[in-house]
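Asker: Starting off with a structure, shown below.
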Amino acid sequence: MVADRGGYGFSVATPQREVTDSFQSKNGRRDGEENRMNKYDQGLDKNAANFAPLTPLNFIERAASVYPDQASIIHGDTRYTWAQTYSRACLLASALDRMGIGEGDTVAFMGANTPETFEAHFGVPMIGAVLNALNVRLDAKAIAFILEHAEVRVLFTDREYSATIKAALALLTDKPRVIDIDDPYFEGGELLGETNYEALLRTGDPDYRCFQVKDEWQAISLNYTSGTTGDPKGVVFHHRGAYLNALSNAMCWNMTAQPVYLWTLPMFHCNGWCFPWTLAAVAGTSVCLRHVRADAIFDLIKRHGVTHFCGAPVVLNTMLNADSKMHEGVPSGINAMTAGAAPPAAVIAGMEKLGFSVTHVYGLTETYGPCVVSAPQANWADMDIDARAELMARQGVRAPLQDELMVADPETLVPVPKDGMTMGEIFMRGNLVMKGYLKNPKTTEASFAGGWFHSGDLAVWHEDGYVQIKDRSKDIIISGGENISSLEVESVLFRHPKILEAAVVAASDEKWGEVPCAFVALKDGQEMTAQELVAYCREELAAFKIPKKVDFGPIEKTSTGKVQKYLLRERAERIPLVPKA
């Protein structure tokens, strides 16, 4: 067992991997030499000169020293350089230290995509504390649970979310100290704290310098899953994983030095998929965006020369279906990374036709965000956009620094054939997997059963090694004994020119057990009947896969753009069957 050193009171089993090279025994020495020290270990010990724990905190110190005058953050008319951002992060660390916050303490941020939240990704862990970036769209009850469960000592909160935080604090008996984020570019809300962020920075030591972590296994951040049932689970990241995934992001996206990155992805979501640390590593420029709207996205892209942005497929769909005037003047080749829900090929193709270069990645909160990438092969360039988009819509292969990935039987852990047909569960293991769930050893142990992380996502493995998700294990539809992939039906619906969004879930049925129920949001000005939709599906799908229930209207999503299928399943039970034509 490897004990947690971040003060969280649980242990994580480190699985023993089988050594396949017969030349070695399992203790790493040559057969017959167990009692003799390896000559490469004799007198060659780790020391301060040749070994340092991996931590993304090194990235910001280097960016500040090598590119001190390079723009780090743009927020409205405010601009910071890397020297200034590093200084502000150090002031935050020092101020927290003077408040008595230290190693293993939790510091929460209820913040928007603003400089303060970005700086927290460095300032909080500099003193060994753990950053808990809160999902700003959660309700007061959920926020209160997190604050209590994580034992938050200090809470920074943006005025925009003051109503939620005020209600959450009222539910707590042991309240954290509250510091306001008083963003001059936002009007509204109220101040709740004992001081504000800028005033707190002024209490810091200007001579404070970056903390060097003692152990790369030390916790760096805490991210709560937005679970669909029960209380959310606290996923603990370590410095090593954050460091490696930050670099993996840059490698799989060909992120060259000094990119300009637009924050369309919430920084609270898996620490912005680790991109605050990536941007420090490549000395990039962050362009802040508080609210994700098509007009603001296109305006900032044109004004600041944005080269990269991330977002769930719903963000791409918003851009794709924006007024065509917004598309004018956007340079081609801007890089868009999408994940969070399986993107329909039609959405990828549409963005490519607008001139964007789309990269599809896959991961979970438990894997630091993206750990699988639909890496393009050379021959894909010769395909037409629609055919290429079909390949790009697959989840892909392991990212550069993801150690292992497989699709296997969830009970036996035997890999499925790479035939593109046999269903299995996606499993990962390596440095890009969480420490575990905070104060939840039973669930942690179950998620690591057999020495692999169990994703819960069902997929097939193609002959070329690319993984393609077919469904969450709980979302597969079993109708008359036949398995129906809700994602397959959704992909067909997305191709219809009238349909903006679609989600498909199982609805109980006396005859078939379950039947597909389609929830559909139409594009502005479009009309469609359920019979018209069924007739379209009849041309594209096997009869048993055609939706038997249809509902038109808004589709409930989580704050990160994932469809809340558990709510749709409840609604599906009340929707009548589509009358036969």
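The values are calculated or read from the model by the stated rules, or taken from the named source; none is laboratory data. Predicted model only: the values in this text are computed from it and were never measured. Note that we place each Cβ from the backbone using ideal geometry, even for glycine, and neighbour counts take in every protein chain shown. These area figures cover heavy atoms from the full protein model, side chains too; ligands, DNA and RNA do not enter into them. Shrake-Rupley method; radii C 1.70, N 1.55, O 1.52, S 1.80 Å.
Asker: Quick one: of LYS353/LYS470; LYS498/LYS549; LYS166/LYS565; LYS498/LYS565; LYS470/LYS545; LYS141/LYS166, which pairs are farther than 20 Å apart, Cα to Cα? Please list the in-between numbers first.
Answerer: Values: LYS353/LYS470 26 Å; LYS498/LYS549 18 Å; LYS166/LYS565 30 Å; LYS498/LYS565 22 Å; LYS470/LYS545 14 Å; LYS141/LYS166 11 Å.
Those over the limit are LYS353/LYS470; LYS166/LYS565; LYS498/LYS565.
Asker: Figure the gain on full extension for ASP139 and MET37 (residue separation times 0.36 nm, minus the Cα-Cα span) and round it to one decimal in nm. Show your work: numbers first, answer last.
Answerer: Numbers: separation 102, 0.36 × 102 = 36.72 nm, distance 5.81 nm.
Extra length from ASP139 to MET37 when fully extended: 30.9 nm.
Asker: Provide the convex hull volume over Cα atoms per residue for the stretch 194-321, in Å³.
Answerer: Taking the convex hull of the Cα positions in the stretch 194-321, it is 185 Å³ per residue.
Asker: Right, next: Tell me the relative contact order for the stretch 49-142 as a rounded percent, counting alpha carbon contacts under 8 Å between residues six or more apart. Each step should come with its number before you reach the end.
Answerer: Numbers: 114 pairs, mean separation 23.1, N = 94.
The value is 25 percent.
Asker: Moving on. What area, in nm² and to one decimal, does the C-alpha convex hull of the stretch 153-235 cast on average over all directions? Show your work: numbers first, answer last.
Answerer: On the way: hull surface 33.7 nm².
So the mean shadow area of the Cα hull is 8.4 nm².
Asker: Along the Cα→Cβ direction, 7 angstrom out, place labels at LYS498 and LYS302. What is the inter-label distance in nm?
Answerer: 3.3 nm
Asker: When only C-alpha pairs under 8 Å and at least 6 residues apart count, what is the relative contact order of the stretch 525-581, in percent? Show your work: numbers first, answer last.
Answerer: Details: 32 pairs, mean separation 20.9, N = 57.
That works out to 37 percent.
Asker: Per the Debye formula with a single identical scatterer at each Cα and no solvent contribution, what log10 I(q)/I(0) holds for the stretch 37-186 at q = 0.12, 0.13, 0.19 Å⁻¹?
Answerer: Taking Cα atoms of the stretch 37-186 as identical point scatterers yields -0.59, -0.67, -1.15.
Asker: What's the center-to-center distance, using Cα atoms, between the stretch 547-577 and the stretch 239-316 in Å?
Answerer: So the separation of the two Cα centres works out to 30 Å.
Asker: Compute, for the chain, the length of the dipole vector about the Cα centre, with Cβ point charges of +1 (Lys, Arg) and -1 (Asp, Glu) only. Units Debye, rounded to 20.
Answerer: On the way: 56 positive and 72 negative charges, 49 e Å.
It comes to approximately 240 debye.
Asker: Using all C-alpha to C-alpha distances in the stretch 92-157, build P(r) with 5 Å bins and read off the rounded percent in each one.
Answerer: 4, 19, 31, 23, 16, 7, 1
Asker: Given R₀ = 30 Å, what would the calculated FRET efficiency be for ARG177 paired with ASP403, taking r from the Cβ atoms and rounding to 0.05?
Answerer: Details: r = 40 Å, r/R0 = 1.33.
E between ARG177 and ASP403, to the nearest 0.05, is 0.15.
Asker: Can you work out the accessible area per residue across the chain, with the rest of the protein chains kept in place, probe 1.4 Å, in square angstrom?
Answerer: On the way: 25320 Å² over 581 residues.
I get 44 Å² per residue for this part.
Asker: At a 10 angstrom cut-off on C-beta neighbours, averaged per residue, how do the peptides 407-416, 507-516 rank from highest to lowest? List each step's numbers first, then the result.
Answerer: Values: 407-416: 14.5, 507-516: 16.4.
Top of the packing list down: 507-516, 407-416.
Asker: If you don't mind, another one. Taking only the Cα atoms of the chain, how large is their convex hull per residue, in Å³?
Answerer: Numbers: hull volume 103.3 nm³, N = 581.
About 178 Å³ per residue, rounded to a whole number.
Asker: To continue, here is another question. Go from 0 up to the bin containing the longest alpha carbon distance in the stretch 247-309, width 5 Å each, and give me the % of pairs per bin.
Answerer: 4, 18, 31, 24, 17, 6, 0
Asker: Determine one quarter of the surface area of the Cα convex hull of the stretch 353-502, which equals its mean projected area, and express it in nm² to one decimal. Please list the in-between numbers first.
Answerer: Working: hull surface 44.6 nm².
Taking the Cα atoms of the stretch 353-502, their convex hull projects to 11.1 nm² on average.
Asker: Grab the eigenvalues of the alpha-carbon gyration tensor for the stretch 407-449, scale each by 5, take roots, and send me the semi-axes largest first in whole angstrom.
Answerer: Working: eigenvalues 130, 26, 10 Å².
They are 26, 11, 7 Å, listed from largest to smallest.
Asker: Quick check: at a probe of 1.4 Å, how many percent of the accessible area of the stretch 419-548 sits on carbon and sulfur atoms? Before the final figure, lay out each step's value.
Answerer: On the way: 2740 of 5570 Å².
Result for the stretch 419-548: 49 percent of the exposed heavy-atom area is carbon or sulfur.
Asker: Still on this structure: With 22 Å as the cut-off, how large is the P(r) tail for the stretch 433-546, expressed as percent of Cα-Cα pairs?
Answerer: In whole percent, the long-distance tail amounts to 49.
Asker: If each Cα of the stretch 361-422 is one equal point scatterer, what is log10 of I(q)/I(0) from the Debye formula at q = 0.17, 0.21, 0.26 Å⁻¹?
Answerer: -0.74, -0.99, -1.14
Asker: Give me the percent of DSSP beta bridges within the chain that run antiparallel, rounded to the nearest 5.
Answerer: Values: 50 of 86 bridges.
Just about 60 percent of them are antiparallel.
Asker: Specify whether the C-alpha gyration tensor of the stretch 424-477 places it in the rounded, prolate or oblate class, a ≥ b ≥ c being the square roots of the eigenvalues: rounded for a/c under 1.5, otherwise prolate if a/b is larger than b/c and oblate if not.
Answerer: Values: a/c = 2.99, a/b = 1.62, b/c = 1.85.
Cα axes put the stretch 424-477 in the oblate bin.
Asker: Which whole-number percentage describes the relative contact order of the chain, with Cα contacts under 8 Å and a sequence gap of 6 or more?
Answerer: On the way: 1194 pairs, mean separation 62.7, N = 581.
It rounds to 11 percent for the chain.
Asker: Given that compact globular proteins tend to follow 2.2 N^0.38 Å, what is the ratio of the alpha-carbon Rg of the stretch 139-185 to that value?
Answerer: Normalised Rg, Cα atoms only: 1.10.
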